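First comes the structure, then the notes that go with it.
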């Protein structure tokens, strides 16, 4: 994958593309909901929210990352939460996931965030390997998180 692969922040005109990708992610997870109509409404609200960004890769888009920003009482600065990351199955293995996560890190830095965090299912070995290779460190505390199948990762910026 070269520098010619488009990567951009989604805008309001990308609602259909973002909704389609999130629906594909929902289906990949074998989840029953939300339905497409509900997704469309929520995606429109999120695209209008300055504390949320969707990063899209390729044209037409074949993958996305959803970033959420929030002010942290602990750092006095914004933190970023990498809420969702997904690349369509037919486009995997081309570096799109790595480029999306790298772009998310850069977006968080450009906003002055002190850290970026995420959670990932402990059975998702490829994602864990990717996040660790980009500097994320696991922050799993059995006492705090119990038997959750998700591990929390943090990258201090």
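The values are calculated or read from the model by the stated rules, or taken from the named source; none is laboratory data. Because the structure is a prediction, the values reported are computed rather than measured. Using ideal geometry, Cβ is built from the backbone for each residue, glycine included, and neighbour counts are taken over all protein chains shown.
A few points about this structure:
- The set of residues in the stretch 45-97 that are surrounded by 14 or more Cβ atoms within 10 Å (Cβ to Cβ) and either on the phi > 0 side of the Ramachandran plot or assigned to a helix (DSSP H, G or I) (or both) comprises 46, 47, 58, 91, 95, 96, 97.
- Of the listed requirements (1) surrounded by fewer than 22 Cβ atoms within 10 Å (Cβ to Cβ); (2) at pLDDT 95 or above; (3) in contact with a strand residue (DSSP E or B) (Cβ under 9 Å, 6 or more places away or on another chain); (4) over 15 Å from residue 11 (Cβ atoms), residue 42 misses just one: (3).
- Verdict on residue 20 being over 21 Å from residue 89 (Cα atoms) and either at pLDDT 95 or above or in contact with a strand residue (DSSP E or B) (Cβ under 8 Å, 6 or more places away or on another chain) (or both): no
- The residue of the stretch 98-129 that is farthest from residue 77 (Cα to Cα), among those that are touching a residue at least 12 places away in the same chain (Cβ under 8 Å) and in a loop (DSSP other than H, G, I, E, B), is 123.
- Pair list, Cβ < 7 Å and 6+ apart or interchain, from the stretch 50-62 residues that are at pLDDT 95 or above to residues that are in a loop (DSSP other than H, G, I, E, B) and crowded, with 21+ Cβ neighbours inside 10 Å: 54/10; 56/10
- Selection status of residue 88, out of contact with any strand residue (DSSP E or B) (no Cβ under 6 Å at 6 or more places or on another chain), modelled with pLDDT of 95 or more and closer than 25 Å to residue 16 by Cα: yes
- Test: residue in the stretch 115-128 that is at pLDDT below 95, surrounded by fewer than 13 Cβ atoms within 10 Å (Cβ to Cβ) and closer than 17 Å to residue 65 by Cβ: yes
- The number of residues in the stretch 1-44 being in contact with a helix residue (DSSP H, G or I) (Cβ under 8 Å, 6 or more places away or on another chain), in contact (Cβ under 8 Å) with a residue 40 or more places away in the chain and in a loop (DSSP other than H, G, I, E, B) comes to 3.
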